[in-house]
Amino acid sequence: MALIKCDFFSEELMISTSMTVILPEQTKTQIGLKNNRNGDKFPTLYLLHGLSDDHTIWSRRTSIERYAAEYGIAVIMPQVDHSFYADMVYGKKYWTFISEELPRIARSFFPLSAQKEDNFVAGLSMGGYGAFKWALRKPEEFAAAASLSGVLDIADHVKNIKEDNPIGSALFQVYGGKEIEDTQEDLFYLIQQLKAKKESIPLLFQACGTEDFLWEENQKFYQFAQDQNLPLTHTFTSGTHEWGGYWDQKIQEVLAWLPIQSN
């Protein structure tokens, strides 16, 4: 696998930004790593970071490069600050960047497939919310999406903002105190709209530890998904909001679950 730190200019953000990129490489003599490569255009996982992290965190806290090698999948890990993957009221247009500009730029730099069946998105915490929002707002672009310990009831967090904690402070910068229930930022609303229009919904994977502080809202989302008959795979096991014993393991489960096309 190739691990690339890619610095580039974003027209939407109007600044230079960065992404960490993993690209498949077919090797025969490398010791201790099973490499696969699927065709000339790579299937792609957009892997999103959480509130306190950046584009480097997945490669620093997990063995994502080693895990992805077996599946022959490219991994794109962008930098989005505290944006909750939204166009911020007091900040930059990260939703437009992530959902429109980033795939176009990444595909111009690297041999990534643009086919829906080859594209997936996953993330943890804030990134779990971002992954589901991206897939539910752009269902024509993704075959599957995964949330690990996601901030899934974002409307409730915004409604009950407490600026003395990290989530509340970030959400005020993102939404400026405006409630977002029943808007394009609300996952529950997005699902209702897709169901009402009878549009297909990407496969969804939800994981959350039973000792996680986001456990209750993950249970709420899971029950809603069940009521709506969503194509949702879930895993709720013991765990907290942390890397070593939880997210490192769950991202391996996500990769094994993804419907990656074999050539």
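For the reader, a short list of remarks on this structure follows.
- Within region 62-91, backbone nitrogen closer than 19 Å to the virtual label 7 Å beyond the Cα of Gln261 toward Cβ: 71-76
- For the chain, the relative contact order is 17 percent, taking Cα pairs closer than 8 Å that sit 6 or more residues apart in sequence and dividing their mean separation by the residue count.
- Extension gain for Glu253-Tyr90 works out to 55.1 nm (0.36 nm per residue, less the C-alpha to C-alpha distance).
- Label-point gap, in nm, between Gln26 and Lys116 - each point 7 angstrom along Cα→Cβ: 2.9 nm
- Computed E for Thr233/Phe213 - FRET, C-beta separation, R0 25 angstrom, nearest 0.05: 0.65
- Overall form of region 141-229 per C-alpha gyration tensor (a/c, 1.5; a/b vs b/c): oblate
- Relative contact order, percent, region 146-263 [alpha-carbon distance under 8 Å, six or more residues apart]: 28 percent
- Here the average projected area of the convex hull drawn through the C-alpha atoms of region 1-153 stands at 8.9 nm².
- Taking the Cα atoms of region 2-255, the ratio Rg/Rh between the radius of gyration and the Kirkwood radius comes to 0.95.
- Cβ charges +1 (Lys, Arg) and -1 (Asp, Glu), total dipole of the chain, debye: 780 debye
- Cα-projected label distance for Glu100 with Asp40, points at 7 Å along beta-carbon direction, nm: 3.1 nm
- Remark: for residue pairs Lys116/Lys138; Lys198/Lys250; Lys93/Lys178; Lys178/Lys220; Lys5/Lys116, the C-alpha separation exceeds 19 Å in Lys198/Lys250; Lys178/Lys220; Lys5/Lys116.
- If R0 is taken as 41 Å, the Cβ-Cβ distance between Lys5 and Glu242 corresponds to a FRET efficiency of 0.95.
- When both bridge partners sit in region 22-140, DSSP labels roughly 20% of those beta bridges antiparallel.
- Helical mean residue ellipticity (222 nm; -39500 (n - 2.57) per DSSP H run of 4+; nearest 500) of the chain: -8500 deg cm²/dmol
The numbers here are math on the coordinates, done by the rules we state, and not lab data. Computed from a prediction, not measured in an experiment: that's the story for all the values here. Methodologically, a virtual Cβ is constructed for each residue, glycine included, from the backbone with ideal geometry; neighbour enumeration extends over all protein chains shown.
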